[in-house]
Amino acid sequence: MFLVRFFLTLIGLFIVWSFIVFLQCSNPTVMSQWIYDVYEKKTNIANSIKKKKIVIVSGSNALFGINSKMMEQSLGIRVVNFGVNAGVMLPYTLYKAKKIIDKGDIVLMPLEYPMYSYNGVPNAQMIDYIFSRDMNAFWWLTLKEQFLMVWNISLSRLYNGYIYKGGSPITTGLYKVGNINQYGDQINTSVKYRTKQMREKLDRFEPKKYGRDYKSKALGWKYLEDFIFWCRDRDVEVIFMPSTIMRCDNYYSDEKERWFYKNIANEVQDRGWRYIGNPYDYMYDKNFYFNTPFHLIDKGREIRTKKIIKDLEYNLNIRSYL
């Protein structure tokens, strides 16, 4: 009897907690504002294109790291950079992409490496964004993710939801919609805009452990599989490519990290999907990064874009898809 009462009490408390959480849903927060602004602009750009296009699906490594105008001029097809922020995590990144992908499009996916190991545990940014901006996406998630969204929301996030201070576009600083051009790329990222604080942040960067954290049976693969099937039903070609990350010796010397970067293409291809490029070719020296080890300066962006175009033309004959 005690155990029954104990579990009934827990269930009751969770119901109350859920009620408190859902009362503040769809209240815009300041934390979610920039991502919302950027998604809105990029969605409008994509929807304005009435013919076949390349859609770049990723987080901010693509936002800061691809020159879509250069790609468009080189390949002769419209390009929209739909990369925004990896912090909203893989499920929501794919969920939003489906909203703007049309029949016959080509999707390039230079996903951030942690996305492949997504295990269904939402982070603070994903929780904040979905609860404040897109509750429809909540019901698209698995029951596990829904439970963890409600369970893991913090008291400070609940407070921010109730005070309702979001809603006005951000117009100052680096992260503002005004720094997104007509292709969806981040602009104003030349060396002259890189501050001392940004350089110091790059100096403090410690190698990531994506190889150690990699899981071949992570939930992320199921999301990717569903996305691939969805695209194939619409005659959409999906091409996985490497992300960019600042080069570190550890990625070559550590056994698990070296295995990951040498084999992530095989992990994708073994599932019958297309992966083009070598992750090591998309790692650059510190001087090519702007404010994080994933965000390239404009010069680095051009180098990477030329490499993307070369890889697409050499390994895929991309023009046959255009």
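The values are calculated or read from the model by the stated rules, or taken from the named source; none is laboratory data. Because the structure is a prediction, the values reported are computed rather than measured. As a convention, Cβ positions derive from the backbone with ideal geometry for all residues, glycine included, and neighbour counts pool all protein chains shown.
List of remarks:
- When the residues of the stretch 217-249 are filtered to those that are surrounded by fewer than 18 Cβ atoms within 10 Å (Cβ to Cβ) and assigned to a helix (DSSP H, G or I), the one that is farthest from the chain's Cα centre (by Cα) is Arg232.
- Met89 vs. criteria out of contact with any strand residue (DSSP E or B) (no Cβ under 7 Å at 6 or more places or on another chain), at pLDDT 95 or above and on the phi > 0 side of the Ramachandran plot: yes
- Sole exception among (1) at pLDDT below 95; (2) surrounded by 10 or more Cβ atoms within 10 Å (Cβ to Cβ); (3) out of contact with any helix residue (DSSP H, G or I) (no Cβ under 9 Å at 6 or more places or on another chain) for Met1, by number: (2)
- Within the stretch 145-171, residues that are closer than 16 Å to Pro122 by Cα sit with their Cβ atoms under 6 Å from residues that are among the charged types (D, E, K, R) and modelled with pLDDT of 95 or more, at 6+ positions apart or across chains, in these pairs: Arg157/Asp128.
- Residue within the stretch 250-269 that is assigned to a loop (DSSP other than H, G, I, E, B), under 26 Å from Ile66 (Cα atoms) and either without any contact (Cβ under 8 Å) to a residue 60 or more places away in the chain or not basic (Lys, Arg) (or both) present: no
- Within the option set Tyr159, Tyr164, Tyr129, Tyr175, being among the aromatic types (Phe, Trp, Tyr) and under 14 Å from Pro91 (Cα atoms) holds for one residue only, Tyr129.
- Residue count for the stretch 272-282, restricted to those that are touching a helix residue (DSSP H, G or I) at 6+ places or on another chain (Cβ under 7 Å) and not in a helix (DSSP H, G or I): 4
- Screening Ser26, Ser68 for residues that are at positive phi and in contact (Cβ under 8 Å) with a residue 40 or more places away in the chain leaves exactly one candidate, Ser26.
- Exactly one residue among Met115, Met135 is among the aliphatic types (A, V, I, L, M), modelled with pLDDT of 95 or more and closer than 24 Å to Asn291 by Cβ, and that residue is Met115.
- Residue check, Lys215 of a type outside the set (Ser, Thr, Tyr) and within 28 Å of Gly120 (Cα to Cα): yes
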